[in-house]
Amino acid sequence: MKHVVVIGCGFAGLTALNQLVKSKQVKLTLISKESCFLFTPRLTELLNNSVKEKYAIKSVSEVFGNGIRNRIKFIKDKAIYINLEKNYVKTAKKAMGYDFLIMSQGAATNFFGNKTIEDNAIGYKDYKAVLKIKNTIKKSLQMAAKPELQKIRKELLTFAVIGAGLTGIELVCSLKEFVAEEIKNYPLIGEKAKFMLINSSKDIAEQLNVSVRRKIEKYLKKNGIEVILDTKAEDIKKNGINEINGMVKEIITSKGRIKASAIIWTAGIKANIIETYPKLPLEKNNAIKVTSKLKIPSYENAYVGGDAALFIENNKALPQTAQVALHQGNHIGKNILRSIKGKKEKDFYYAYKGTLIVLGKKYGIFAHNKLVFGGKIAWHFRNIFYLYRFWKMTR
């Protein structure tokens, strides 16, 4: 029986396990410091409460507690060292050997080495961030309702998202809806909240075609969200200890300064690093460059998937998205089973299925090449598809 060790329980790790668990020829171990699987495409909907937690978060014990999945041994720990020559993994508490390894350890917010930005902005990658955003907004509104703080009410009611990729776009729409509901509890505020989406590039969501970008821009403008382009956020600092212990912060940009109370950073992610021997060269965003079969070069039994993998296709790196990770996890799982059966492994080819975008509670956009449609129909299509996908992955 071959032992497969999977590091990380995100899209790549879970979908690989769903393939591998079909075979009785493998012993499976999952190492993850997280005890839950998070369906990250629905993260912004957890913020505006348009989806219940049970449809986006499931504990690992629930996922692997029934049926054939109960053969998977789950170790809640952090993988800290991998010896690729001797085929073993160390966690903080133990070490274990493997016949096959899948590195799918995920990613964290990339603050690009700026400690003050890290300290003063909210990184947006997990459910803890959603809870932190909610708490920050509630506190800002409580402060804004106080008559003695009227002088800084405008700043307390200003909310900024830095990074106008799809995550930032979806987030700012969800953020606006959450604030709109919460502010009803404070009728004395008497002012409108302000929302800004700041991006260093000259356009939003540059991976999308122009018609989709303009459609999104039109929606943002209609809903009172200010889009600030070609403006780099260089630093974020607390705006003085006298202003309610730094509740108001200042974004120092390439074009001036902006004061806000809640600042969320969606301007990039970087793969989580695990020390290896031999030391692997890391590419942009700490990713590991992989072969056509999603393997670490020179190591036939070690695979990398999801945010941790850099896969080049048609001279371009695949994006670090859930859709890519899911396809990679499936492919890795199937290839390991092929290898165990003595069959030839297959190269990975990414089949783009389109982009599903949510802009608030009842408005969505579906885009695939020249096919684009938006509105409630797209929102419902996305909702049904993601309910099915979550069920299929975790049933």
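Only aspartates and glutamates eight or more places from Lys93 in sequence, or on another chain, were considered; those with a Cα closer than 18 Å are Glu34, Asp77, Glu275. Shape verdict for segment 255-395, please, from the Cα gyration tensor: rounded (a/c under 1.5), prolate (a/b greater than b/c) or oblate. Since a/c reaches 1.5 but b/c is at least a/b, the shape of segment 255-395 is classed as oblate. Cα centroid separation, segment 309-334 to segment 1-52: 16 Å.
Please compute the Kirkwood hydrodynamic radius of segment 129-192 from all pairs of different C-alpha atoms, in Å with one decimal. Computed over Cα pairs of segment 129-192, the Kirkwood hydrodynamic radius comes out at 12.4 Å. Restricting segment 322-360 to chymotrypsin sites (Phe, Trp or Tyr not before Pro) that sit in a DSSP loop and have at most 13 other Cβ atoms within 10 Å of their own Cβ leaves Tyr349, Tyr352. With Cα atoms as the point set, the radius of gyration and Dmax of segment 1-77 evaluate to 13.5, 47 Å. Computed over segment 2-155, relative contact order equals 26 percent, with contacts defined as Cα pairs under 8 Å that lie 6+ residues apart. Positive-end ranking of Ile117, Ile225, Gly106 along the dipole of the chain, with charges on Cβ about the Cα centre, is headed by Gly106. Modelled spin-label separation between Gln25 and Tyr88, with each label point placed 7 Å from Cα along the Cα-to-Cβ direction: 2.7 nm.
Would you mind telling me the antiparallel percentage of the DSSP bridges in the chain, rounded to 5? Antiparallel: roughly 50 percent of the beta bridges in the chain. One equal scatterer on each Cα of segment 211-323, no solvent, Debye formula: the resulting log10 I(q)/I(0) at q = 0.12 Å⁻¹ is -0.72. Rounded to the nearest 10 degrees, what's the angle between the helix 210-222 long axis and the longest principal axis of the chain, both from Cα atoms, 0 to 90? The helix 210-222 is inclined about 40 degrees to the chain. Pairs spanning more than 22 Å between alpha-carbon atoms, out of Lys22/Lys341; Lys54/Lys194; Lys134/Lys176: Lys54/Lys194. Principal-axis analysis of the Cα atoms of the chain puts helix 322-340 at an angle of about 10° to the longest axis.
Mean separation of Cα pairs under 8 Å and 6 or more residues apart, divided by the residue count, gives the chain a relative contact order of 20 percent. When GluC sites (Glu not before Pro) are flagged only if DSSP places them in a loop and at most 15 other Cβ atoms lie within 10 Å, the longest unflagged stretch of the chain comes out as 86-190.
Where in segment 86-140 are there trypsin sites (Lys or Arg not before Pro) that are in a DSSP coil and have at most 16 other Cβ atoms within 10 angstrom of their Cβ? Within segment 86-140, the qualifying trypsin sites (Lys or Arg not before Pro) (loop, at most 16 other Cβ atoms within 10 Å) are Lys86, Lys93, Lys94. Plainly put, the chain has a radius of gyration that is 1.00 times its Kirkwood radius, both from alpha-carbon atoms, as the Rg/Rh ratio. Listed by chain and number, the lysines placed with their C-alpha closer than 16 angstrom to that of Lys289 are Lys270, Lys279, Lys316; residues fewer than eight positions away on the same chain are left out. Using only side-chain charges placed at the Cβ, +1 for Lys and Arg and -1 for Asp and Glu, the dipole size of segment 152-201 relative to its Cα centre rounds to 200 debye. Here is the list for segment 78-130: chymotrypsin sites (Phe, Trp or Tyr not before Pro) lying in DSSP coil, each with at most 16 other C-beta atoms within 10 angstrom of its C-beta, are Phe112. Surface composition of the chain: carbon plus sulfur atoms contribute 51% of the solvent-accessible area (1.4 Å probe, protein chains only, all chains present). Of the residues Gln323, Gly256, Thr44, the one whose Cα sits farthest towards the positive end of the charge dipole of the chain is Gln323 (charges of +1 on Lys and Arg Cβ, -1 on Asp and Glu Cβ, taken about the Cα centre). Here segment 110-254 is treated as an ellipsoid with the same Cα gyration tensor; its semi-axes, largest first and in whole Å, are 26, 19, 14. In the chain, the calculated helix contribution to ellipticity at 222 nm averages -9000 deg cm²/dmol per residue, counting -39,500 (n - 2.57) for every DSSP H run with n ≥ 4. Residues considered: Gly306, Gly354, Gly168. Largest GNM mean-square fluctuation over the chain, using C-alpha springs under 10 Å, is found at Gly354.
The values are calculated or read from the model by the stated rules, or taken from the named source; none is laboratory data. None of these values were measured; they are calculated from a predicted model. Note: ideal-geometry Cβ built from the backbone for every residue, glycine included; neighbour counts use all protein chains shown. Ligands, DNA and RNA are stripped out before the accessible areas are found, and what is left, the full protein with its side chains, is counted by its heavy atoms. Shrake-Rupley method; radii C 1.70, N 1.55, O 1.52, S 1.80 Å.
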